[in-house]
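Visitor: Mind having a look at this structure? Questions to follow.
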Amino acid sequence: MTQMQIDSPNPVLVASQDYVRNLLLERVEAVEYWVEDRTTWVESEVEVLRALVIEFSQTVRDMIVAHTTGDEDHTDTCGGEWPCPTVTRLFLMITKPDGQFTPARSDADDQS
Ligand SMILES: [Zn+2]
């Protein structure tokens, strides 16, 4: 039997990490693929889409809150120095100039 090197990553931990990463990505990507090529929606699909947008929004909001609460220098969730890499990444993605996270994006809002 081959002895695992002490400094080698634990293969079970690596496999678990890959499993969790892939599970999360597959679920998010399933939503993306579902909406990506559609041009028309039936009412029942609009309801699903509305629920998905709300759930995505809640997920992102939870990530923001989780990584912005704590003492003045560190977040409770990751213990990183504020702003931790997660907050920095979220900030860049949410505020990017060509992104969709801008207020009053719909045509209905523009016409009012
Ligand atoms: Zn953090």
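Coordinate-derived values only; no laboratory data. Please read these numbers as outputs of a predicted model, since none were measured by experiment. All Cβ positions, even for glycine, are placed from backbone atoms using ideal geometry, and neighbour counts span all protein chains on display.
Visitor: At most 13 other Cβ atoms within 10 Å and a DSSP loop assignment: could you name the chymotrypsin sites (Phe, Trp or Tyr not before Pro) in the range 31-66 that fit?
Guide: Numbers: sites: Tyr33, Trp34, Trp41, Phe56; in loops: Trp41.
Answer in residue order: Trp41.
Visitor: With r as the distance between the Cβ atoms of Val20 and Thr102 and R0 = 41 Å, compute the FRET efficiency 1/(1 + (r/R0)^6) and round to 0.05.
Guide: Values: r = 32 Å, r/R0 = 0.77.
Using R0 = 41 Å, I get an efficiency of 0.80.
Visitor: Per residue of the chain, what 222 nm ellipticity follows from adding -39500 (n - 2.57) for every DSSP H run with n ≥ 4, rounded to the nearest 500? Numbers along the way, then the final one.
Guide: Numbers: 4 runs with 65 residues, N = 112.
Roughly -19500 deg cm²/dmol at 222 nm, from the helical runs in the chain.
Visitor: Could you tell me how many degrees, from 0 to 90 and to the nearest 10, lie between the Cα long axis of helix 85-94 and the main elongation axis, the longest principal axis, of the Cα atoms of the chain?
Guide: The helix 85-94 is inclined about 20 degrees to the chain.
Visitor: Go ahead and run the numbers for FRET between Thr95 and Val53, Cβ-Cβ distance against an R0 of 22 Å, rounding to 0.05. Don't jump to the answer; show the numbers that get you there.
Guide: Numbers: r = 19 Å, r/R0 = 0.85.
Working from the Cβ atoms, E equals 0.70.
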